[in-house]
1. All but one of (1) surrounded by fewer than 20 Cβ atoms within 10 Å (Cβ to Cβ); (2) in contact with a helix residue (DSSP H, G or I) (Cβ under 8 Å, 6 or more places away or on another chain); (3) under 19 Å from Ile333 (Cβ atoms) hold for Met268; which doesn't?
2. Mind listing whichever residues of the range 405-417 are open to solvent by less than 30 Å² (accessible area, probe 1.4 Å) and modelled with pLDDT under 75?
3. Looking at Leu478, Leu536, can you tell me which residue is closer than 25 Å to Asp266 by Cα, part of a helix (DSSP H, G or I) and free of Cβ contacts under 8 Å to residues at least 24 places away in the same chain?
4. Quick one: which residue in Ile130, Ile101, Ile111 is touching a Ser or Thr at 6+ places or on another chain (Cβ under 7 Å) and open to solvent by 10 Å² or more (accessible area, probe 1.4 Å)?
5. How about the range 418-445: which of its residues are buried (at least 18 other Cβ atoms within 10 Å of the Cβ) and either modelled with pLDDT under 85 or not in a helix (DSSP H, G or I) (or both)?
6. In the range 276-287, which residue that is touching a residue at least 60 places away in the same chain (Cβ under 8 Å) and surrounded by fewer than 21 Cβ atoms within 10 Å (Cβ to Cβ) is farthest from Ala233 (Cα to Cα)?
7. Take the residues in the range 333-358 that are in contact (Cβ under 8 Å) with a residue 60 or more places away in the chain and over 15 Å from Thr240 (Cβ atoms); name whichever of them is farthest from the chain's Cα centre (by Cα).
8. With Thr321, Thr328 as the choices, which residue is touching a Ser or Thr at 6+ places or on another chain (Cβ under 9 Å) and assigned to a helix (DSSP H, G or I)?
Amino acid sequence: MTDLGKHPGPSAGGTRTDVDQAFMSSATYRSLGEQQLSAREEAFEKGRRTVGLFLAPAVTLVFWFLPLGIDATQQGLAAVLLGVIVLWITEPVPIPVGGFIGIAAIVVLGIATADEALAPFGSSTVFTFIGAFILAQAMLKHGLARRFAMFVLNLPGVGRSSFRVILAFGAITCLLSAFVSNTATVAMLLPTAIGILTVIAKLMQSQGVVAEDFDPLRLRVGAALMLMLAYGASVGGLLTPVGSPPNLIGRGLIEEATGERISFLDWMIVALPICALMFVALAVVLFLVNKPEIKHLEGIEEWVAAEKAKLGGFSRAEKNTLIAFVITVTLWILPGIVGIVAGTDSDAYLATGDRLDEGVVAILGAALLFLLPTDWQQREFTLRWSDAAKIDWGTVVLFGTGIIFGSLLESTGLALTIGEGSFDALGLTSALAITVFAAILAIVISETTSNTAAAAVVVPIIIPIALAADVNPFVPALAATFAASFGFMLPVSTPQNAIVYGSGVVPITRMIRSGFTFDILGAILIIVLLPVMVALLGLGG
């Protein structure tokens, strides 16, 4: 008898859910009719979506005609962006379609030309998504993700508790993202996370914890695991200068403005306690907001042993997928290693980073899957295009629209207007007040644009503000740099958010609730700890 508790059981005539197929299908953007909802959940979803259908255009129109006294192009962009955010949060249409509507509105209303609006869609990050999703599809199809999941679950003491599984996976994510880009880290670990969740879902199904016909994409334990993957990468990315693009951008701007160099070791010493406490805060938030349905994974060790026995040896397709995966990860890691050895200012690091762009590496790794044969006589290769076509193109489109809005925020000057307007209205003069403002502004902007764009926009705003107030810009600018990696509420806030949202496991409402709470706690930790660590090391003097 298990201590996991019993589900009331499937409804009469219910069919047994095929868990593997549920995670293989592209099921992120589902209509109400495609989901299994209780009467209360269905009523809430209908209300939320109906409100959004009328609220989005109303918000856009009201903001469009407000007498704000700012540039008309900037006000028009803000009005459309606010309407799109309402569409993203309330989902009256699939989230990627909400982005499409916004882009169309920008062009039709004359805010930007079609070429200006659509150019950022060719961003390297979009190709990172495509290549990573194709790699993940191969790992899921051929069972390699399942093998990795079994390895994690088989770690001593880990597999017995859902909390330990999530914490262990988060720790792995944090450590990797300190040296590999956050996007690449999440992309390579996503299949393993899905594999772990598949095993847990099957165990729950076999033990009667859930109904036979349950929806494995709506488990709270799944949302906690996926959000740990996305948010854990953002936390770990703060640990080193090469962990995230905003770090390099902010570091360069700070060194240029203050004349003080921030060494690799100094950065790590400053960031380590902040990252450690942020990880603790992250675990608390995720477990409270997305409390797993089960605590003890009773029988997981026996289950894993039996499933590993069924897998047998590596098939040719698994070996090929592993080769493509290892090559991709190696090329993703290489620039970071060069940066550590030769320095992030060296020609070798700059050349390696330019040539081994993570988007190009991702599509190169994906291309290998169509070149490595599984049956040469039949000209069968590791993956077919029909398999690749099943990736979550909606998430690719969604993040592409997010990049477009981020680019327009910068090019129209709206981000600068927001920053300077806020400063003038608040009249900030002290170092603490400017640091608080820097962190909050960076988080707010990163919610609707990429973290890289947030750093590129906010840090140049904060430095002259601090200098004008006769405050050393070191701490406020560093706070803006750290906070730029935040933005946890929406799929478009960071690439890693979009990737895990594309798994179909994290409803937008859960991401918003978890992300909002973590935004607040993270900002508090940065504001409190950063000045202390900088002072202890004697930096920014």
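1. So Met268 meets the others, but not (2).
2. Gly406, Ala415
3. Details: Leu478 fails: free of Cβ contacts under 8 Å to residues at least 24 places away in the same chain.
Only one candidate passes the filter, namely Leu536.
4. It is Ile111.
5. Ile418, Gly419, Phe423, Leu428, Ile445
6. Top of the filtered list is Phe287.
7. Asp357
8. Testing whether each residue is touching a Ser or Thr at 6+ places or on another chain (Cβ under 9 Å) and assigned to a helix (DSSP H, G or I) leaves just Thr321.
The values are calculated or read from the model by the stated rules, or taken from the named source; none is laboratory data. Keep in mind that this is a model prediction, so the values were computed, not measured. Note: ideal-geometry Cβ built from the backbone for every residue, glycine included; neighbour counts use all protein chains shown. Ligands, DNA and RNA are excluded from the accessible area calculation, which covers all protein heavy atoms including side chains. Shrake-Rupley method; radii C 1.70, N 1.55, O 1.52, S 1.80 Å.
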